[in-house]
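Novice: One structure is given below, represented as structure tokens, and several questions about it will come after.
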């Protein structure tokens, strides 16, 4: 047996081609260095101390949190997931860490002591990727964080969600400092990922414009997508061969269309052209495959083709966070909710400051009918991001399904914009008996439909809330033609419950999942 004291005393441990420098937490392989955060490092050391043996969850909790932690199950899961991301391990087909459900974990790799006299430090020529810090691909994910509302008077019952809000603000300030002080050195070094050849730009100015575009599209205080598109296009004027910028431009056009800030067909045409250009420049570009997967999923409604793109992206760079976000959406559309929650968890771990993933996770809580969890999750987010309408929409819907119609009504005027895709007003009015106002919302949505927006699914939702089955079915059938971006949620959507037993619902399910 490999004695635990040997692990603690060793400055280096080798297993399956990896070298672990125990003091610095650096993992070395194939000339690349990954720096483990402290908690994943402690878990790895504990598992390496007992190769082939089960290390119980209780033991790992003791190692990580000797003074105790409230939600140790979810916290331990998150730590192990970070370790797996660093090792490139998969819980379904593990090479290193085997999970024994509700029991613990076991190291199943081949372990060997370090060769005598082997250097502790990585080679000076080896590129270092710190998975615990921001990188050029993630540091602009620190969305524009505003100061939270005062938490005075919340009381103990609300303190548990006030604390995360404060953490969001403090983390945002830290990332802002990082951007101001570290962006240029990292941009100049052009840290590369697997399969990234040709993705980065040799132009510093193009790279700065690209980073600004990523920052703008991450904002949730305003619709900054036009600013993001402008920055990406400027970057591409500087360097037309900048594959990452083409992929980011594609993703932004897709987001602009699905959020109904631009007629869908126009947005998707631009998005597809940019994604194909990115892949033409670099066929192994993960962001290019992920961008194309979004279009295939949202607009072409071709889930099998989208799956192939996400698998290709995963092979080439499984640390690209938006890959896991898109994959989570696909799994949600397919009704595979456990995988969807796991995949959005991976995206959030890779880029914890990205609000896009926050809203998607909140939506998954709603669509899996965990209404109270959704409410408790979005409240601290809205305390720090009051203009974040996407999560306010989740709050409105979760309150409504929980039976708090008044609470849902009170949230409607707090939104900062009325996106044409949202049926929230119509459903809330219908559920509260304000039928005429609900029908006026249908008229508003139909006007947007005539302007080229994909809103037929939203129209169907309001008719269903009013008990109008035939108009709801007619609108639902139109949703395939106008490519309503929210149509993919049909299988899970609680608002579709009134139509579950109808012939049109069965027909749509057959057509959507053909």
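Novice: Identify the residue in the range 231-243 that is part of a helix (DSSP H, G or I) and either in contact (Cβ under 8 Å) with a residue 60 or more places away in the chain or more than 24 Å from the chain's Cα centre (by Cα) (or both) and, among all such residues, is surrounded by the most Cβ atoms within 10 Å (Cβ to Cβ).
Specialist: Step by step, filter the range 231-243, then rank; the result is 235.
Novice: Return the residue satisfying two criteria in turn: it lies in the range 287-308 and is over 15 Å from the mean Cα position of the chain (by Cα) and within 24 Å of residue 201 (Cα to Cα), and of such residues it is surrounded by the most Cβ atoms within 10 Å (Cβ to Cβ).
Specialist: The residue in question is 288.
Novice: Give all pairs with beta carbons closer than 8 Å in which a residue from the range 393-408 that is outside the structural domain of residue 428 (by TED's automatic domain parsing) and touching a residue at least 60 places away in the same chain (Cβ under 8 Å) meets a residue that is assigned to a helix (DSSP H, G or I) and buried (at least 19 other Cβ atoms within 10 Å of the Cβ); count only pairs at least 6 apart in sequence or on separate chains.
Specialist: Short answer, once both residue conditions are applied: 397/366; 397/408; 397/424; 397/427; 397/495; 401/366; 401/371.
Novice: Mind checking whether some residue in the range 32-54 is over 27 Å from residue 313 (Cα atoms) and assigned to a strand (DSSP E or B)?
Specialist: yes
Novice: Could you tell me which of the residues 384, 423, 417 is surrounded by fewer than 24 Cβ atoms within 10 Å (Cβ to Cβ) and within 27 Å of residue 459 (Cα to Cα)?
Specialist: 417 is the lone residue from the list that is surrounded by fewer than 24 Cβ atoms within 10 Å (Cβ to Cβ) and within 27 Å of residue 459 (Cα to Cα).
Novice: Counting only residues that are touching a helix residue (DSSP H, G or I) at 6+ places or on another chain (Cβ under 7 Å) and outside any helix (DSSP H, G or I), which one in the range 206-227 is surrounded by the most Cβ atoms within 10 Å (Cβ to Cβ)?
Specialist: Checking each candidate, the answer is 220.
Novice: Which condition from (1) touching a residue at least 24 places away in the same chain (Cβ under 8 Å); (2) closer than 26 Å to residue 340 by Cα is the one that residue 481 breaks?
Specialist: The single condition residue 481 does not satisfy is (2).
Novice: Collect the residues in the range 38-60 that are surrounded by fewer than 20 Cβ atoms within 10 Å (Cβ to Cβ) and out of contact with any strand residue (DSSP E or B) (no Cβ under 9 Å at 6 or more places or on another chain), keeping them in residue-number order.
Specialist: Answer for the range 38-60, where residues must be surrounded by fewer than 20 Cβ atoms within 10 Å (Cβ to Cβ) and out of contact with any strand residue (DSSP E or B) (no Cβ under 9 Å at 6 or more places or on another chain): 38, 42.
Novice: Let me ask you something else. Would you please name the residue that is modelled with the lowest pLDDT, looking only at residues in the range 16-31 that are assigned to a loop (DSSP other than H, G, I, E, B) and closer than 21 Å to residue 350 by Cα? If you could, list the steps in order and put the result at the bottom.
Specialist: At the first step, the residues of the range 16-31 found to be assigned to a loop (DSSP other than H, G, I, E, B) are 16-17, 22-25, 30-31.
Restricting the remaining residues to those that are closer than 21 Å to residue 350 by Cα gives 24-25.
On the way: 24: 80, 25: 84.
Within the range 16-31, the match that is modelled with the lowest pLDDT is 24.
Here's the yes/no breakdown for (1) within 28 Å of residue 455 (Cβ to Cβ); (2) at pLDDT 95 or above:
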{"site": "295", "(1), (2)": "yes, yes"}
{"site": "332", "(1), (2)": "yes, yes"}
{"site": "342", "(1), (2)": "no, yes"}
{"site": "352", "(1), (2)": "no, no"}
{"site": "356", "(1), (2)": "yes, no"}
{"site": "362", "(1), (2)": "yes, yes"}
{"site": "367", "(1), (2)": "yes, yes"}
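Novice: Being farther than 18 Å from residue 346 by Cα and in contact with a strand residue (DSSP E or B) (Cβ under 8 Å, 6 or more places away or on another chain) is the filter here; which residues of the range 99-113 pass it? Reasoning before the result, please.
Specialist: Restricting attention to the range 99-113, the residues satisfying the condition of being farther than 18 Å from residue 346 by Cα are 100-113.
Within the range 99-113, 100, 103, 104, 105, 106, 107, 108, 109, 110, 111, 112, 113 meet the criteria.
Novice: Filter the range 98-109 down to the residues that are in a loop (DSSP other than H, G, I, E, B) and modelled with pLDDT of 85 or more, then identify the one that is surrounded by the fewest Cβ atoms within 10 Å (Cβ to Cβ).
Specialist: 108
Novice: Within the range 333-342, is there a residue that is under 24 Å from residue 229 (Cα atoms), assigned to a helix (DSSP H, G or I) and either under 17 Å from the mean Cα position of the chain (by Cα) or not assigned by TED's automatic domain parsing to the domain that holds residue 457 (or both)?
Specialist: no
Novice: Across the range 61-97, which residue is modelled with the highest pLDDT among those that are touching a strand residue (DSSP E or B) at 6+ places or on another chain (Cβ under 8 Å) and in a loop (DSSP other than H, G, I, E, B)?
Specialist: 96
Novice: Here's a follow-up. Any residue at all in the range 433-452 that is within 28 Å of residue 337 (Cα to Cα) and in contact with a helix residue (DSSP H, G or I) (Cβ under 6 Å, 6 or more places away or on another chain)?
Specialist: We begin by selecting, within the range 433-452, every residue within 28 Å of residue 337 (Cα to Cα); these are none.
Looking for residues that are within 28 Å of residue 337 (Cα to Cα) and in contact with a helix residue (DSSP H, G or I) (Cβ under 6 Å, 6 or more places away or on another chain), one finds none in the range 433-452, hence no.
Novice: Using the structure shown, decide if residue 451 is closer than 30 Å to residue 305 by Cβ, loosely packed, with under 15 Cβ neighbours inside 10 Å and in contact (Cβ under 8 Å) with a residue 40 or more places away in the chain.
Specialist: So residue 451 passes the test.
The values are calculated or read from the model by the stated rules, or taken from the named source; none is laboratory data. Computed from a prediction, not measured in an experiment: that's the story for all the values here. Cβ coordinates were reconstructed from backbone atoms using ideal geometry, including for glycine residues, and neighbour counts include every protein chain displayed.
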